[in-house]
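Structure first, commentary second.
The values are calculated or read from the model by the stated rules, or taken from the named source; none is laboratory data. Because the structure is a prediction, the values reported are computed rather than measured. Cβ placement follows ideal geometry from the backbone for every residue including glycine, while neighbour counts extend to all protein chains displayed. Ligands, DNA and RNA are excluded from the accessible area calculation, which covers all protein heavy atoms including side chains. Shrake-Rupley method; radii C 1.70, N 1.55, O 1.52, S 1.80 Å.
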Amino acid sequence: QVEVVESGGGLVQPGGSLRLSCAASRNIATAYYLAWYRQAPGDQRVLVATLVGTGTTLYTDSVKGRFAISKDNTKNTLYLQMNSLKPEDTAHYYCQLKILGNDYWGQGIQVTVSS
């Protein structure tokens, strides 16, 4: 079993930045798929950004140019750098790690963008 814990969320003004972290309890170097999702109240969970094993990154259109997904294998941590935040980015954010055929999710963390 792998424990996954998100951190770095909170309240930020429009135009501000946050960096979310997703710390895993084991080595993530073998993770072939890492992703961030978000879910706003009343909405379904949607994919925001992915990082596949080759290093390829993909983003949903609404965050392209503003968000960046990355990882640090030495710290077993996945990141989501979020810049130029907008009120519509307000949601609960979740990380997903696929390691050796198993799927691991964090408990999620709230990001609120408001003045």
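Charges only on Cβ, +1 for Lys and Arg, -1 for Asp and Glu: so what's the dipole of the chain about the Cα centre, in debye to the nearest 20?
Numbers: 10 positive and 8 negative charges, 42 e Å.
Magnitude of the dipole: close to 200 debye.
Sequence neighbours fewer than 8 away in the same chain don't count; with that in mind, list the lysines whose C-alpha is under 22 Å from K98. Here the lysines satisfying the reach criterion relative to K98 are K71, K75.
Residue separation of S7 and D43 scaled by 0.36 nm, minus their Cα-Cα distance, works out to 10.8 nm of gained length. S17 sits among other residues whose Cβ lies under 15 Å from its own Cβ, and their net charge, with Lys and Arg +1 and Asp and Glu -1, is +2.
Pairs of Cα atoms in the chain fall into 10 Å distance bins, from 0 up to the last occupied one, in shares of 15, 50, 29, 6, 0 percent. Only Cα pairs under 8 Å and 6+ residues apart enter the sum, and on that basis the relative contact order of the chain stands at 37 percent.
Once the other residues with Cβ under 12 Å from the Cβ of V2 are scored (Lys, Arg +1; Asp, Glu -1), what is the net sum?
Working: positive: R26, K98; negative: E3, D103.
Net charge in that neighbourhood comes out at 0.
Here each label is just a point 7 Å from Cα along the line to Cβ, and for Q107 and L58 those points are 3.0 nm apart.
Each residue was assigned an accessible area with a 1.4 Å probe, and for K86 the value is about 80 Å².
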